[in-house]
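Peer 1: The structure under discussion is supplied below as structure tokens; questions concerning it will follow.
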Amino acid sequence: MYAVLAGGVGAARFLRGLTAAVAPGEVVAVVNVGDDLTLHGLRICPDLDSITYWLGGVVHPEQQWGRADERHVVAGELRRFGHEGWFTLGDRDLATHLHRTARLREGAPLSAVTDEIRRAFGVEVRLLPVTDDRVETRIRTRDGRDLHFQEYWVRERAEPEVTEVVLAGGADAEPAPGVVEAILDADAVLIAPSNPVVSIDPILRIPGVREAVHQTAAPVVGVSPVIGGRVVRGMAHRLLPAVGAQVSAAGVAAHYGGLLDGWVVDTRDGDAVAEVAATGVRCLATDTLMDDVEIAAALARSCLSLAAEVSP
Ligand code: FO1
């Protein structure tokens, strides 16, 4: 069984490759919930939904979040009542949020609802929210604001300068059922090429999770989300400096300080291999730009063979 620490889009692409390399039923994704928000009274879980839609084959191909063949009739009608439209919810996507919100209101934990939703989309990979508790990634900015991650990323287009990233509610949260067990029992723990600051850190910050990754007998292998000093998507290059990390393949490995047995970088960052290896972490360079499922599958296989090499 393979446990994958996963954020949104980058993780979904990686998981699609991994499930082409091993049986999907062998994969458990521990997914970030710090991006989650409540809008129009509905609970929205962008990273869980992006992975579900990607693996379910129904993701919007250009956006890489939300649904394909989507319409926005409801969003248009909501604007009639003066609702802000900066966070676009499509009609098909709304059904997911309506179902999730109804089930949560009945008292079902997010982990149970997530399992219902992924099964409804025929996803065989087990998706676990890292916690069933409410946590929220908050972005503190130089001009003194405290923004929800989605306000920062979507409404402000990641323009404000970031001084601090906080996981509100993190200290009191507990790992969801099955999370620690998956990490401890895994044959390998993989860290997907997700945003280290707002996708992977919020997973590791849930009390007990970082400890489990340290403690597991399984090899821990991560994939650099930085390629040639740039990130493929998103805003990690603006957030890494805010947490004192270099925007480089070696810098992200250092940011995960001591958790890694192996680190996979892109061939464009071949110079990072020696730097990372000097820290005692086995490092290899391969194509990490997952433009298609074949490249993603080859990347996953490289991670698994590196895991076998470093397996204690
Ligand atoms: N990203 C945007 O840039 N604009 C949006 O309007 C938007 C809406 C949205 C709705 C549902 C959902 O699951 C994701 C959505 N995203 C949108 C993407 C989202 O901000 C990202 O997926 C993350 O949270 C980062 O991984």
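Nothing in this text is a laboratory measurement; each read-out follows from the coordinates by a stated rule. The structure presented is a predicted model; accordingly, all values stated were derived computationally and were not measured. Reconstructed Cβ throughout: ideal geometry from the backbone, glycine too, with neighbour counts over all protein chains shown.
Peer 1: So if I place +1 on the C-beta of Lys and Arg and -1 on the C-beta of Asp and Glu, and nothing else carries charge, what would the dipole magnitude of the chain be about its Cα centre? I want it in debye, nearest 20.
Peer 2: For this selection, approximately 500 debye.
Peer 1: Across 10 Å bins from the origin, how do the percents of Cα pairs in segment 1-156 run, short distances first?
Peer 2: Over segment 1-156, the share of Cα pairs per 10 Å bin runs 10, 39, 36, 13, 2 percent.
Peer 1: Something else now. So what is Rg over Rh here for segment 70-152, counting just Cα atoms and using Kirkwood for Rh?
Peer 2: 1.04
Peer 1: Go through 90-100, 75-85 and give me the packing order, highest mean Cβ count within 10 Å leading.
Peer 2: Packing order, densest peptide first, comes out as 90-100, 75-85.
Peer 1: Could you derive backbone 3J(HN,Hα) for segment 213-227 from the dihedral phi with the Karplus parameters 6.51, -1.76 and 1.60 (θ = phi - 60°), listing whole Hz in sequence and x where the residue is Gly or Pro?
Peer 2: Each residue of segment 213-227 in turn: 5, 5, 7, 4, 6, 6, x, 10, 10, x, 10, 5, x, 9, 10 Hz.
Peer 1: May I pose another question? Which of the peptides 232-243, 143-154, 201-212 is most tightly packed, and how do the rest follow, going by the mean number of other Cβ atoms within 10 Å of each residue?
Peer 2: Top to bottom by mean Cβ count within 10 Å: 201-212, 232-243, 143-154.
Peer 1: Quick one: compute the contact order of the chain, relative version, from alpha carbon pairs under 8 angstrom and 6+ residues apart, as a percent.
Peer 2: Averaging sequence separation for qualifying contacts and normalising by length gives 20 percent for the chain.
Peer 1: With the Cα gyration tensor of segment 1-60 in hand, give its eigenvalues times 5 under a square root as the equivalent ellipsoid semi-axes, listed largest first in whole angstrom.
Peer 2: The three semi-axes for segment 1-60 are 23, 12, 8 Å.
Peer 1: Related question: What residues qualify as long-range amide H neighbours of VAL232, i.e. H under 5 Å apart, gap of 5 or more or another chain, H built at 1.01 Å from N?
Peer 2: Under 5 Å from the amide H of VAL232: ILE227.
Peer 1: Among LEU104, THR38, LEU94, whose Cα projects farthest towards the positive end of the dipole of segment 29-127, with charges put on the beta-carbon of Lys, Arg (+1) and Asp, Glu (-1)?
Peer 2: Towards the positive end, the residue furthest out is LEU104.
Peer 1: Can you pull the Kirkwood radius for the chain, inverse mean 1/r over Cα pairs, to one decimal in Å?
Peer 2: 19.5
Peer 1: Report the calculated FRET efficiency for ALA108 and VAL73 (r = Cβ-Cβ distance, R0 = 30 Å), to the nearest 0.05.
Peer 2: Here the calculated transfer efficiency is 0.60.
Peer 1: GLU174 to THR286: FRET efficiency via 1/(1 + (r/R0)^6), r the Cβ-Cβ distance, R0 41 Å, to the nearest 0.05?
Peer 2: Using R0 = 41 Å, I get an efficiency of 0.65.
Peer 1: Ok, one more. What's the ranking of 42-49, 9-16 by average number of surrounding C-beta atoms within 10 Å, highest first?
Peer 2: Per-residue mean Cβ counts within 10 Å order the peptides as 9-16, 42-49.
Peer 1: Using the Karplus curve 6.51 cos²θ - 1.76 cosθ + 1.60 with θ = phi - 60°, work out ³J(HN,Hα) for each residue of segment 96-101 in order, rounded to whole Hz, and write x for Gly and Pro.
Peer 2: 4, 6, 5, 5, 4, 5
Peer 1: Then there's this: Ratio to report: Rg/Rh of segment 231-286, with Cα atoms as the point set and Rh obtained by the Kirkwood method; give two decimals.
Peer 2: Over the Cα atoms of segment 231-286, Rg/Rh equals 0.96.
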